[in-house]
Amino acid sequence: MTALLITGIGELTTNDESLGEGVGGRLRDAAVVIEGERVAWVGSSAVAPAADERFDATGRAVLPGWVDSHTHMVFAGDRTAEFEARMAGEAYAAGGINVTVEATRSAPDAELEQNLARLVHEARLGGTTTIETKTGYGLTIADEARSARIAGRHVDAVTFLGAHVVPSGADPDAYLDLVTGPMLDAVAPHVSAVDVFCETGAFDEAASRRVLEAAAGRGLATRVHGNQLGEGPGVRLAVEHGALSVDHLGFLSQADIDALAGSWADRRGGSGRRGTVATVLPACDLSTRMPLAPARRLLDAGTVLAIASNCNPGTSYTNSMGFCVATAVLQMGLTVQEAVRAATLGGAIALGAHEEGWCDPQGVAQPAVGAIRPGSRADLQLLDAPSATHLAYRPGMPLTAAVWRKGARIA
Ligand code: NIG
């Protein structure tokens, strides 16, 4: 097995507080050794072991590859007109989803696959090394199953979102029966989790609960789109249900924040319950002109926070995690280290991928992602900057200089 030594790292973010300083576990003048797909060694450049190959980072910053834990990238079509109308003052409502559903249903497999591959390529160039994506623009048994199959060939985690909206013309009760029954059965072999859009105009509390229970009945993990368009039951339901994450969170009561924080306190107290990650989507908040999720309050309360791009054609047509991190720092009140951790380790926890042994869509067990420490998957990005602080200090600049995924240089 060939070993690669990356040396001369001016600032290394490990996300392991036992390895370095602060919440980023930062080391100066550091080096990393990669063997095969894994990190083999982390420490000071001065005492780094020899390796077959050597890469000199020349004083620049290295951090874990981004873990984008919330995207909707299996789609066809374009919603520029809807975006223009929004920028002219119209409010976002979930109705636009059906526009993409129509375009997606009529697209051949090759078009969906090419569009997804293009978006994944863009994300990788920007430093993203782990990607989750959802179905949810098919909304028939055949179209949801093909979305899941196509997604599984390109990303690290696939989520079933048949409960995105009730498709145009469908009867809500009959559709709920379909989504919690035959559609779920058809898609389940291709996904690791089930999501529900718990919101006015999509699925109410009772319907959302049925979706989560059906998922649990098949041994699948769960997520919730919650509190995006207004206050509602999404967060409470996600926590009660032990969902991996609840995402959006623009409209939170203090009770919602306490419930999210409490899910982690219970876990630390050894209750055996799963903590629910609070996933914020800064690009979506901006693109829908909705209030920014209260990331600072969520962190201060003790929640585990993730930042994701929510790349989709309606509410957030970007997969730039660098942009999301800069926004979280400049407008949501996070420090750079907090935002970087949320966009890497936080996303990994939201996917259950922070621990050894999680499986990719092919069922292959994977090393942990989201941190740079011995044993973790060798997913790293090099910035053309001396520190990760430049991500927010120089917002919008193309700072990604190199990317390694599973130990291989991909950008
Ligand atoms: O996460 N909120 C629901 N789903 C997507 C939006 C999808 C769309 O408008 O196409 C989201 O923002």
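Calculate the dipole size of the chain relative to its Cα centre from +1 charges on Lys and Arg beta carbons and -1 charges on Asp and Glu beta carbons; express the result in debye to the nearest 20.
Details: 33 positive and 47 negative charges, 154 e Å.
Using Cβ point charges on Lys, Arg, Asp and Glu, the chain gives about 740 debye.
Considering only Cα atoms, the convex hull volume of region 263-411 works out to 140 Å³ per residue. Within region 274-323, the proportion of C-alpha pairs whose separation exceeds 19 Å stands at 28%. Placing one equal scatterer on every Cα of region 66-359 and applying the Debye formula, the log10 ratio I(q)/I(0) at q = 0.08, 0.10, 0.14, 0.16 Å⁻¹ is -0.29, -0.46, -0.97, -1.32. Close amide H pairs (under 5 Å, H built 1.01 Å from N) link GLY65 with ASP379, LEU380, GLN381, residues at least 5 positions away or on another chain. Amide H to amide H, with H built 1.01 Å from N, THR400 comes under 5 Å of ASP384, counting only residues 5 or more places away or on other chains.
Helix 205-217 and the longest principal axis of the C-alpha atoms of the chain enclose an angle of approximately 60°.
Computed extension gain for ARG289 through ALA174, at 0.36 nm per residue and net of the alpha carbon distance, reaches 38.0 nm.
In square angstrom, what is the accessible area per residue of the chain with a 1.4 angstrom probe? It would help to have the intermediate numbers written out before the result.
Working: 14880 Å² over 411 residues.
Per-residue accessible area for the chain comes out at 36 Å².
In sequence order, region 321-336 has phi-based couplings of 5, x, 5, 5, 5, 4, 5, 4, 6, 6, 10, 10, x, 8, 6, 4 Hz under the Karplus curve 6.51 cos²θ - 1.76 cosθ + 1.60, θ = phi - 60°, and Gly or Pro positions carry x.
Please work out how much length the chain gains when fully extended from GLN362 to MET1, using 0.36 nm per residue of separation minus the C-alpha to C-alpha distance, in nm with one decimal. Please report the intermediate quantities before stating the final value.
Numbers: separation 361, 0.36 × 361 = 129.96 nm, distance 2.36 nm.
Stretched out fully, the GLN362 to MET1 stretch lengthens by 127.6 nm.
With R₀ fixed at 41 Å, the C-beta to C-beta distance from THR140 to ALA408 puts the FRET efficiency at about 0.65.
The values are calculated or read from the model by the stated rules, or taken from the named source; none is laboratory data. Not measured: the values here are computed from a predicted model. Glycine also receives a Cβ, built like all others from the backbone with ideal geometry; neighbour counts cover every protein chain displayed. Heavy atoms of the whole protein, side chains included, go into the accessibility calculation; ligands, DNA and RNA do not. Shrake-Rupley method; radii C 1.70, N 1.55, O 1.52, S 1.80 Å.
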